[in-house]
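Heads up, the thing below is written out as C-alpha cells.
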Amino acid sequence: MLIEIHDLRKIYAEGEENEVRALDGVDLSIDYGEFVAIVGTSGSGKSTMMNILGCLDVPTYGEYLLDGIPVKERTERELAEIRSVKIGFIFQGYNLIPSLNVWQNVALPMLYQRVPLAERQQRAMDALAQVDIAQKAESRPTQLSGGQQQRVAIARAIATRSPIIMADEPTGALDSKTGAQVLGILRSLNAQGTAVILITHDNGIAAKAKRIVRLIDGKIVSDQPNVPDEARALNENM
Amino acid sequence: MRGRQLEELKMALESITDKKARSFLTMLGILIGVGAVLILVTVVTGMNADMEAYYEKLGVNKVYVTVTQYDRTNTLDITDDLMGYVASDMSNIAVGVTPDIEQSGTLRYGGNTNDSAVIYFGNEQWADCNNYTLEDGRDLSELDMDNRSMVCVIGAYVAESLFGYIDPIGETITYNGYPLTVVGVYYAKDGTAEESMDDAIVVPYTLNRSILSTAIITDFTIKVETSDDMEEAMSRIESWLSENLDSNTSEYTVENGNDEMNASEDETTSLSLILGGVACISLLVGGIGIMNIMLVTVTERAREIGIKKAIGAQRRVIVTQFLVEAAVLSGLGGLIGIAIGYGGSLLIGKAMYDLILVPDTMYVVASAIFSIVIGIAFGLYPAVKASGLQPVDALRAD
Ligand SMILES: Nc1ncnc2c1ncn2[C@@H]1O[C@H](COP(=O)(O)OP(=O)(O)OP(=O)(O)O)[C@@H](O)[C@H]1O
Ligand SMILES: [Mg+2]
C-alpha cells in the first residue's frame, strides 16, 4: 500500500472551549497509481488531511504509514527527503515565492533534488508549457492573475516527476476550459503511473477521478470507486 | 555543489538589495565598529612610530648617574675613577661613559644669537653615548679634555641658526661671553628645529671650572651595549658608587634611561587594549543588530520558509540561506567599514602626524574575517529558528 491511515484524528485546541475536530477518526488506504478525489464542503477537513498525508503536519492521534513505514518513525531529514522526492504539492493558496520569478519557482523543488541547473530550467520550461504559461517564465508571481499563479503552482508540482501528486483545489481559480486542461494533465500523469490525490469541493471535478472519498465534519461518509463520465456515456450509448 | 552555493549567495544578495535602506541600517553597527577599529589602530600605530622614532634619536640603553655632594669643602671628584672603572671593568657591557652636564645660555656668532640651545659638558665619548654622528670637522678628543681646550662641536640647528651658509669649522662663537672654537658639526637627527636635539653643542667637561665655576662633576651618562645588560650595568655602577662615595656626605641616583620608553610603551599598549575593548563592544552591538533584523526577517519570511520546507528543502538549506544572508550583510558592512577605516586613517595620519598612514593589512584581513564571523555567529540563532519552523505552521503564517 502507498498510503494507509488508521483512526487518524487532528484536534485543534483539544479540551478547550473552542476545540475543533478537523479529522475525527479516519481510516483510508490508497494504493500506488490510484486517482482519488477527496470531496467535502468547506471546513470538512480536506486540507487538514492533505497536510498530514503530505508530511507537512502531524496527526494528534492515529497512525499513518507511507510505503508501509510509520511516518512518525521518520527523522526530519527523511521527511524532507520524502517531500522532495515522493510528493508533488499543489497548494490551495498557490504558495509561490514572491522573490523568485516563475521558472525559478517551478525549478526550486528540483534544486532540493540536486538536479543540475540546465536540466532544472529545461524541465521547468516544459512543465510551464504543459499548463500554457511558458510565456510568463520570467515574470514575478505577483505580476500574474490568480489563475495564472495556479497554473505555475501546478507546473511546479508536475516538474518534479514525483510518484505522488497531491492537489488541493487545483482548479479553484481556473475557468472551466483551463480547469479541464489541468484535469487532463493530472489524468495523463495518472495514466503513466503517478498516484493522484485530488481535493475538491466540486462534485463535477471529483467525477473525473477513479475513486471518490467523501468527508463530512472530519469523518469519511463514503468511499466508492467512480465510473468516469466518459465510460458511463459510452456505456449508455450501447 | 558549487553551483548551488553560488545560487544561495545570489538569493541572499537579492534579498539584501530588495531592502536597501534596512540592509544598510543593519550593517551600520558593523560598519562603524570596523571603521573605528581600523582608525584607532592606525592612530595608535602612528603614536608608537612617533615615540619609537623619538627614542631612536635620543638613544636607548643609557644609564644616568647623578651624584649629590653635601660637603662642599672636602669634596672628592669621582669623574676619573668612574670613567676608569667603566672603561676597564665594564668594557664587556658598556659602550662608553661621559660626564653629561646640561646648561642653557646664549650663543653668539657675528650678529646672530641662539638662546634656545642646550650646552652639554661631555668628553670624547659624549657623541657615542648620546647618538650624535659627526658630519664635518672633528669630534672632541682626550687632548681637549687634558688641555681644557676652548672648543665645541655644534648640532645642525646651531650651525644653521648661527652660520647660515658659512662653514662653521674654525670659526669662534661665544657662550655667555666665553669664546669657543667650532671644531665639528653633527649630522641633523631631529629635523634641524629649534629646541630639538639638533639645537645643542658639546664642550669639554674640563671647562667646568672656568665656565661653570664648579670643582666637581655630578652627572654622567653610561651607554650600555644591549637592553639585556641594563640591570647588570646598573647594579655594578651602584655597588661601585656605594664603595667609592662617602655615604655621610653624598648621595647618588642611578636611573634606567629605558624606563621612560618602557612606560610610554606600556601606556600605548594599555591604550590599544582599551580601544580594542571598545571596538569589540561596538562589533558586539553590531552583531546584535544583525541578529535582531534576521529575527524580524525570519518572521516576515515564515511563509517562504514554509513553502521551501514543504517542497523538500532540508533544514540545512534554510539554515544556510539565513547564515549566508547574515554573513553577506555583516561582511558587506565590514567592507564598507574597511573603506572608511582607510579614508579615516589617511585623513588623521595626515592631520596628526603628517604621515601617510594606512591600516595594517593584518588588521584589514582580520576585521574582514571577524565581521563575517560575527554575521555567522549572530545569524545562527535566527537561522536555526527559521529552519525549525513546522512547514504547516509556516505556511499558515501571513
Ligand atoms: N490551525 C488551526 N487551528 C484551529 N482550527 C483549525 C486550524 N486549521 C484548520 N482548522 C479548522 O479545521 C477545520 C478543517 O479545516 P480545513 O482547512 O481542513 O478545511 P477544508 O476542508 O480544507 O476547507 P476549505 O474547502 O474551505 O479549504 C476547520 O473547521 C478549520 O476551522
Ligand atoms: Mg482547504
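List of remarks:
- Here B:TYR55 clears all of (1) modelled with pLDDT of 80 or more; (2) of a type outside the set (A, V, I, L, M); (3) touching a Lys or Arg at 6+ places or on another chain (Cβ under 9 Å) except the condition numbered (3).
- Where a residue in the stretch A:31-51 is under 17 Å from A:ILE212 (Cβ atoms) and among the polar types (S, T, N, Q) and its partner, wherever it lies, is within 6 Å of ligand 1 (Cβ to nearest atom) and modelled with pLDDT under 95, with Cβ under 7 Å and at least six apart: A:THR41/A:HIS201
- The criterion of at least 3 residues that are surrounded by fewer than 19 Cβ atoms within 10 Å (Cβ to Cβ) and over 23 Å from the mean Cα position of the chain (by Cα) is met, among helices (runs of 4 or more DSSP H) falling completely within the stretch B:308-398, by B:315-348, B:361-387.
- Screening B:LEU31 on (1) within 14 Å of chain A (Cβ to nearest Cβ); (2) closer than 20 Å to B:ILE374 by Cα shows it passes everything except condition (1).
- Counting only strands (runs of 3 or more DSSP E) wholly contained in the stretch A:1-94, the ones carrying 2 or more residues that are near ligand 1 (Cβ under 10 Å from one of its atoms) and in the same structural domain as A:THR200 (by TED's automatic domain parsing) occupy A:3-12, A:20-30, A:35-40.
- The stretch A:151-174 residues that are part of a loop (DSSP other than H, G, I, E, B), paired with ones that are hydroxyl-bearing (Ser, Thr, Tyr) and more than 13 Å from ligand 1 (Cβ to nearest atom) (beta carbon under 7 Å, 6 or more apart): A:PRO163/A:THR194
- Residue within the stretch A:188-196 that is within 14 Å of chain B (Cβ to nearest Cβ), out of contact with any strand residue (DSSP E or B) (no Cβ under 6 Å at 6 or more places or on another chain) and either assigned to a helix (DSSP H, G or I) or more than 16 Å from ligand 2 (Cβ to nearest atom) (or both) present: no
- Conditions (1) among the aliphatic types (A, V, I, L, M); (2) within 12 Å of chain B (Cβ to nearest Cβ); (3) away from ligand 2 (no atom under 16 Å from the Cβ); (4) in contact (Cβ under 8 Å) with a residue 40 or more places away in the chain: number failed by A:VAL58: (4)
- Residue satisfying all of: in the stretch A:90-109; touching a Gly at 6+ places or on another chain (Cβ under 9 Å) and more than 8 Å from chain B (Cβ to nearest Cβ); farthest from A:LEU144 (Cα to Cα) among these: A:GLN92
- Selection of first residues in the stretch B:323-352 that are of a type in the set (D, E, K, R) and of second residues that are surrounded by fewer than 18 Cβ atoms within 10 Å (Cβ to Cβ), restricted to Cβ pairs under 8 Å at least 6 apart or on distinct chains, gives the following pairs, ordered by first then second residue: B:LYS350/B:ILE356.
- Out of A:LYS10, A:LYS46, one residue alone is within 14 Å of the chain's Cα centre (by Cα) and within 16 Å of ligand 2 (Cβ to nearest atom). It is A:LYS46.
- One residue stands out among those in the stretch B:118-153 that are in a loop (DSSP other than H, G, I, E, B) and aliphatic (A, V, I, L, M): the one that is farthest from the chain's Cα centre (by Cα), which is B:MET150.
- Test: residue in the stretch B:98-105 that is within 14 Å of chain A (Cβ to nearest Cβ), in contact (Cβ under 8 Å) with a residue 60 or more places away in the chain, buried (at least 16 other Cβ atoms within 10 Å of the Cβ) and at negative phi: no
- The condition of being surrounded by fewer than 22 Cβ atoms within 10 Å (Cβ to Cβ), touching a Cys at 6+ places or on another chain (Cβ under 8 Å) and within 14 Å of another protein chain (Cβ to nearest Cβ) holds for only one of A:ILE87, A:ILE82, that being A:ILE82.
The values are calculated or read from the model by the stated rules, or taken from the named source; none is laboratory data. In this text, all values refer to a predicted model and were calculated from it rather than measured experimentally. We place every Cβ from the backbone using ideal geometry, glycine too, and count neighbours over all the protein chains shown.
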